[in-house]
Every structure is written in structure tokens, then in C-alpha cells.
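Take a look at the structure below.
The values are calculated or read from the model by the stated rules, or taken from the named source; none is laboratory data. The structure displayed is predicted, hence computed values, not measured ones. For neighbour counting, all protein chains shown are included, and Cβ atoms are generated from backbone atoms with ideal geometry for every residue, glycine included. Heads up: the accessible areas ignore ligands, DNA and RNA and are worked out on the full protein's heavy atoms, side chains in. Shrake-Rupley method; radii C 1.70, N 1.55, O 1.52, S 1.80 Å.
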Amino acid sequence: MKPLIFALCVAFACGGLSAQTTVWQPSPGHTQVPIWPGAVPDAAAVLPAGPETVEVSKDLIAGKPVTSVSNVSRPTMTVYPPREKNTGAAVVVFPGGGYQILAIDLEGTEVCDWLTSKGITCVLSKYRVPDSGPAWHDDCHCNIHPKAPTALEDAQRAVGLVRFHAAEWHIDPHKIGVLGFSAGGHVVANISTHFAQRAYAPVDAADKVSCRPDFAVAVYPGHMLEHTTKEFGLNPEIPVTERTPPTFLLQAENDNVDGVKQSLVYYIALKNAGVPVEMHLYAQGGHAFGLRRTELPITGWPQLVETWLGTIGMIPN
């Protein structure tokens, strides 16, 4: 996975930027809250180059610019309650960005707009970046792995908090899922296979409840082929078992950033472990399309997820 050359980062690195601001804020009526009550664990493992920055690209995806957040050192979550009806389901969303930035609208707030319109509580995770997971660096042409799995720590904490507050937020504690794109898809696979034990020292009662997702959606996930030389071997740091939650996979066959093999090896591992898994591959679509509709059939994927969630009993059919 080479985030500096994929669609989002081409927009930011090559196409220029506009409207830089500091510290991302959600739309009016929503409040982002820190997920850690005090000191952030393993803070020294992620060293931002400066303060948190929000940047809007001049280049467009499906006719619209993309907003990115960089240098996140204080991870937060923002809860978007469902509109009108409430199915009881909730999804924690992890935007992509190569573990360098977060595509906070393309793969974040726009996802919440869709989910909440379907009666699903959306929890947007602003997890730590850069280098909070395996991140590509042009200077060494290699993936740099963090000193501590800080993105996973933030993900475990966020899912645990949602389950801890389930009654308060009108959520069914047995219908809490995760959804992520690209590097966020790797976060989804990571927490789907690392939930039995926290990656950090527990800090309060929220860390005593399970952080296992009840379902998972990974869209053009990355980092699934590292640390293995096997032809169709999954990254051994994603240890799939029968306890891995039911999973939905989506990818384009012409994705030249995270090739289609990323989803294929995860699908095979899930299938071999007896985990319910559904995968959709499309001939065209590339990388980093989010939910933005184009003439390509792949951009109708949200309907596929809705149908799948009904078949596994997370929302009404």
C-alpha cells in the first residue's frame, strides 16, 4: 500500500490545497469527544509533525473536494444518532488515508449520512495518524510499522465505549459493527482479530466490556499481504479464527493501490475459519471512491451492505 500515490494523496500532494484550518469539527449539532479520559496511551509512538490540521483538496472525487485531517494526537469519536427510526444497530467508522491522514468526509461523515438515514447509529472515529499503523514512506520505499499499535488501541477503545454506553445511546449491544476503507479497512480486520485482550492497559470500566465487533465491513482494505511470502497467504498479524465476526468485503479489480488480492486473501482465511463472509468484486472502480456515486456500478455498494446487514439479522430486512 503506497498512500502517497493513491487517489487521495495525489490530490493533496500534487494537486494543491486550499482552506487550511486547525482541528476538525463535526457539523453543528454533533460533538466530538476524546476517547481517552486522561493521557493517551503510547503517545510517544505517534509523533505528529505539528498541530492537527484540516486541509481541503483542490482536486475532485466524483465532482467534490476531499477534506483530510492530519497530525491527530488526541483521538476522538463523534456520535451521529439515527434519523427518525432506530434499528438499534451501530457502526464505528474508520476513514482511510494510508495511516498518514484521515479522509474525514469522503470516508467518514458521508458514511454517517448514509448510515443514519437507514436507522443506524454512526460513530465516526478520528484515530491517531500518522504512523499509527503500517504506513508507506517514500524515502525508504517501505512500510514503517509503529512502535505500538496505536490505531488498534483507539479502535478497541472506541468499540468498547460504544458498547459501554449502548443503553444510553439506544443501541443494541449485540449489534455493534465496524466499517473502514483502505487503511481503515486494515483497522477493521485488525480489531476483528484482536479483541480478546486490550492492546493497552485498561483505564476504566469501559475497558472491561467486550470490544469484539458483531460484524465488519472492509472496503478496499490494505496491508493484508505483509509478512508473508505465500502466494495466497494472509498477513499473519491478522490471525483469523472462528470468532472473527461476519465480514463484508468490497473491492475493484483495477485498484492499483491496494490490489484485489488484499481482499482475496482475507476472504480465503475467513472462509477457511468458517466465518460467514460475503465478497463483491467489480471490474472497475479504482481506489478511494467512498460513497460518491458515479456511472460505475461499484458505487452502488451501500445497497449491498444494507441487504447483507438484513441477512445477518443486524437490521430489518
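A few points about this structure:
- Wholly within segment 20-85, strands (runs of 3 or more DSSP E) carrying at least 2 residues that are small (Gly, Ala, Ser) and under 20 Å from the mean Cα position of the chain (by Cα): 64-70
- Selection count, segment 79-88, where residues are at pLDDT below 95 and either closer than 21 Å to Ser132 by Cβ or surrounded by 18 or more Cβ atoms within 10 Å (Cβ to Cβ) (or both): 0
- Ile268 vs. criteria at pLDDT 95 or above, assigned to a helix (DSSP H, G or I) and over 20 Å from the mean Cα position of the chain (by Cα): yes
- Residue satisfying condition, being open to solvent by 10 Å² or more (accessible area, probe 1.4 Å), under 22 Å from Val277 (Cβ atoms) and assigned to a loop (DSSP other than H, G, I, E, B), within set Arg198, Arg212: Arg212
- In this entry, Glu242 passes the filter for residues that are within 21 Å of Met279 (Cβ to Cβ), at pLDDT 95 or above and touching a Gly at 6+ places or on another chain (Cβ under 7 Å).
- Residue list for segment 52-72, restricted to those being of a type in the set (Ser, Thr, Tyr), open to solvent by 10 Å² or more (accessible area, probe 1.4 Å) and touching a helix residue (DSSP H, G or I) at 6+ places or on another chain (Cβ under 7 Å): Thr67
- Positions within segment 233-260 being under 27 Å from Gly300 (Cβ atoms) and open to solvent by 60 Å² or more (accessible area, probe 1.4 Å), in sequence order: Glu253, Asn254, Asn256
- Matching residues, segment 153-175, being buried (at least 24 other Cβ atoms within 10 Å of the Cβ) and either farther than 15 Å from Ala206 by Cα or among the small types (Gly, Ala, Ser) (or both): Ala155, Ala158, Gly160, Ile171
- Flag for Lys271 being touching a Leu at 6+ places or on another chain (Cβ under 7 Å), farther than 21 Å from Ala151 by Cβ and surrounded by fewer than 19 Cβ atoms within 10 Å (Cβ to Cβ): no
- Test result for Asn190, modelled with pLDDT of 95 or more, open to solvent by 10 Å² or more (accessible area, probe 1.4 Å) and out of contact with any helix residue (DSSP H, G or I) (no Cβ under 6 Å at 6 or more places or on another chain): no
- Among the conditions (1) within 16 Å of the chain's Cα centre (by Cα); (2) within 22 Å of Phe195 (Cβ to Cβ), Gly313 misses just one, which is (1).
- Gly286 vs. criteria part of a loop (DSSP other than H, G, I, E, B) and either β-branched (Val, Ile, Thr) or open to solvent by 30 Å² or more (accessible area, probe 1.4 Å) (or both): no
- Residue within segment 295-302 that is assigned to a loop (DSSP other than H, G, I, E, B) and crowded, with 18+ Cβ neighbours inside 10 Å present: no
- Enumeration of residues in segment 89-115 that are under 26 Å from Pro173 (Cβ atoms), open to solvent by less than 10 Å² (accessible area, probe 1.4 Å) and not aromatic (Phe, Trp, Tyr): Ala89, Ala90, Val91, Val92, Val93, Pro95, Glu107, Gly108, Val111, Cys112, Leu115
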